[in-house]
Amino acid sequence: MDGRKNIKIALNIATLLVTAVFLYWGDSVLSPFQKRILNLAAIFVILGASMNLVVGFTGMFSLGHSGFMCVGAYTAAILTMSPESKELIYYMEPIVPWLKNIEWPIIPATIMGGIIAAVFGILVGFPALRLRDDYLAIATLGFAEIIRIIVTNTISITNGALGLKNIPSEKSLLFYWSFCIITIIILKNLINSSWGYAFKAIRDNEIAAEAMGVSVFKHKMLSFTIGAFFAGIAGALMAFLITSIDPTMFRFLFTFQILLIVVLGGMGSLTGSVIAGIIITIAMEWLRFVERPMTILGMDIPGIPGMRMVIFAILLLVVVLFYRQGLMGTKEFNWDWLLDKLGLARNRERGIS
């Protein structure tokens, strides 16, 4: 057993080293567009994994992720913008004095974006998590819209509907995928801990979990708050990637895209969220041609904005109706499976020889 454990540790270290080398190589070789797609994939993986914690592992049907993402994006953007940029952008109403001269580095601002989003998660979760199922979904969706409306109307803090521009830019693959990998490692260890077992118990049977001594509300709050924290981290990363944000970005449509990742990958599988997050991000860019004018069999078809989301909606319906487990179901990739397969192959070779 110790030998297998050491092999798995070595494989984990080797995988991280190979990933780091690939990301370093990608920063030097890949085009800006290719790096942007990969960075966007890292953000969607974080969003999918954090929502899976809430929906897939704890069984809470929450639709508030876009609101927490909005909080993280605005927090990180305001903290990192230079005083000159703030003075230039806030022309309708000056920014509040206590934020005017603040200019943080990107990494601390990203973490603070997650912390403020987690605080909002506590404020939203305290009343909303007393509800269940569809009622919880409606409540969290409503709170997400409330957050967006607050951002739109607090002009002296967020610049209102005009949004924020000239946000510091970060294009490095290492930056985004480091946050992504750390997120997956933290969530994996959390799910494999006693807290994770409590989350799954609540998902499977809330009444039985409470009868076994699990504090249902406390664990729901913990899961919801952690999910909000990582949604805020993803929002901050999005702000640094596109360098311009406004409240219309964080409508329910964003939550729908994240939910698609969770359902397609498998509710209750971090591995599925990683795979589906990458696939959906690449597909979103590849399917842009369906929104442009085209000629099929001699017929001119005009470009229809939003057709990509129609395709994704159909895909979601197909998965829900015919393949409810998604790509991975509740399974996770682990080295034991690979080692067992290799061991089986070696045994067969020995048998043949």
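The values are calculated or read from the model by the stated rules, or taken from the named source; none is laboratory data. As the structure is a prediction and not an experimental result, all values here were calculated from the model. Cβ coordinates were reconstructed from backbone atoms using ideal geometry, including for glycine residues, and neighbour counts include every protein chain displayed.
Against the list (1) crowded, with 23+ Cβ neighbours inside 10 Å; (2) over 20 Å from Thr255 (Cβ atoms); (3) of a type outside the set (S, T, N, Q); (4) in contact with a Gly (Cβ under 8 Å, 6 or more places away or on another chain), the condition Leu47 fails is (2). Of all residues in segment 22-52, those satisfying the criterion of being of a type in the set (A, V, I, L, M), closer than 18 Å to Ile278 by Cα and part of a helix (DSSP H, G or I) are Leu23, Ile37, Leu38, Leu40, Ala41, Ala42, Ile43, Val45, Ile46, Leu47, Ala49, Met51.
From the list Lys188, Lys100, the lone residue that is under 20 Å from the mean Cα position of the chain (by Cα) and over 18 Å from Met69 (Cα atoms) is Lys188. Which members of segment 82-111 meet the condition of being within 28 Å of Phe230 (Cα to Cα) and hydroxyl-bearing (Ser, Thr, Tyr)? Once the filter is applied, which keeps residues that are within 28 Å of Phe230 (Cα to Cα) and hydroxyl-bearing (Ser, Thr, Tyr), segment 82-111 yields Ser82, Ser85, Thr110.
Could you list all residues from segment 91-105 that are farther than 20 Å from Gly235 by Cα and exposed (fewer than 15 other Cβ atoms within 10 Å of the Cβ)? Steps first, please.
If we filter segment 91-105 for residues that are farther than 20 Å from Gly235 by Cα, which is where we start, we get 91-98, 100-101.
Those that are farther than 20 Å from Gly235 by Cα and exposed (fewer than 15 other Cβ atoms within 10 Å of the Cβ): Tyr91, Met92, Glu93, Pro94, Val96, Pro97, Trp98, Lys100, Asn101.
Taken together, the criteria exclude Asn52 from residues that are over 30 Å from Val216 (Cα atoms) and either polar (S, T, N, Q) or touching a residue at least 12 places away in the same chain (Cβ under 8 Å) (or both).
Scanning segment 83-103 for residues that are without any contact (Cβ under 8 Å) to a residue 60 or more places away in the chain and either in contact with a Cys (Cβ under 9 Å, 6 or more places away or on another chain) or among the hydroxyl-bearing types (Ser, Thr, Tyr) (or both) returns a single hit, Tyr91. Taken as a whole, the condition of being buried (at least 16 other Cβ atoms within 10 Å of the Cβ), under 30 Å from Lys218 (Cβ atoms) and not hydroxyl-bearing (Ser, Thr, Tyr) does not apply to Ile122.
Quick one: which helices (runs of 4 or more DSSP H) lie wholly within segment 72-141 and hold at least 1 residues that are in contact with a strand residue (DSSP E or B) (Cβ under 8 Å, 6 or more places away or on another chain) and more than 17 Å from Gly163 (Cβ to Cβ)? Full working, then the answer.
Details: elements: 83-89, 97-100, 106-128.
It comes to none.
Among the residues of segment 24-33, not a single one is in contact with a Phe, Trp or Tyr (Cβ under 6 Å, 6 or more places away or on another chain), on the phi < 0 side of the Ramachandran plot and among the hydrophobic types (A, V, I, L, M, F, W, C).
Out of all the residues in segment 225-234, which are touching a helix residue (DSSP H, G or I) at 6+ places or on another chain (Cβ under 6 Å) and either free of Cβ contacts under 8 Å to residues at least 12 places away in the same chain or within 15 Å of Val119 (Cα to Cα) (or both)?
First pass over segment 225-234, keeping only residues touching a helix residue (DSSP H, G or I) at 6+ places or on another chain (Cβ under 6 Å): 225, 227-234.
Hits for segment 225-234 are Thr225, Gly227, Ala228, Phe229, Phe230, Ala231, Gly232, Ile233.
Restricting attention to segment 216-228 and to residues that are surrounded by fewer than 24 Cβ atoms within 10 Å (Cβ to Cβ) and under 20 Å from Cys180 (Cα atoms), the residue that is farthest from the chain's Cα centre (by Cα) turns out to be Thr225. Kindly evaluate Leu88 against the criterion of being exposed (fewer than 15 other Cβ atoms within 10 Å of the Cβ) and farther than 27 Å from Asn192 by Cα. Spelling it out, Leu88 is indeed exposed (fewer than 15 other Cβ atoms within 10 Å of the Cβ) and farther than 27 Å from Asn192 by Cα.
If you go through segment 179-224 and pick out every residue that is hydroxyl-bearing (Ser, Thr, Tyr), more than 20 Å from Asp133 (Cβ to Cβ) and either touching a residue at least 60 places away in the same chain (Cβ under 8 Å) or touching a Pro at 6+ places or on another chain (Cβ under 7 Å) (or both), you end up with 1. Inspection of segment 219-232 identifies no residue that is of a type outside the set (S, T, N, Q) and in a loop (DSSP other than H, G, I, E, B).
Matching residues to (1) surrounded by 12 or more Cβ atoms within 10 Å (Cβ to Cβ); (2) of a type in the set (Asp, Glu); (3) modelled with pLDDT of 85 or more; (4) not in a helix (DSSP H, G or I):
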site: Ala234; (1), (2), (3), (4): yes, no, yes, no
site: Thr248; (1), (2), (3), (4): no, no, yes, no
site: Leu264; (1), (2), (3), (4): yes, no, yes, no
site: Gly277; (1), (2), (3), (4): yes, no, yes, no
site: Arg346; (1), (2), (3), (4): no, no, no, no
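Residues in segment 34-42: is at least one closer than 16 Å to Leu187 by Cβ and either modelled with pLDDT of 95 or more or among the small types (Gly, Ala, Ser) (or both)? Walk me through how you get there before you give the answer.
Step one: of segment 34-42, the residues closer than 16 Å to Leu187 by Cβ are 42.
Subset that is either modelled with pLDDT of 95 or more or among the small types (Gly, Ala, Ser) (or both): 42.
Checked against the condition, which is being closer than 16 Å to Leu187 by Cβ and either modelled with pLDDT of 95 or more or among the small types (Gly, Ala, Ser) (or both), segment 34-42 yields at least one hit.
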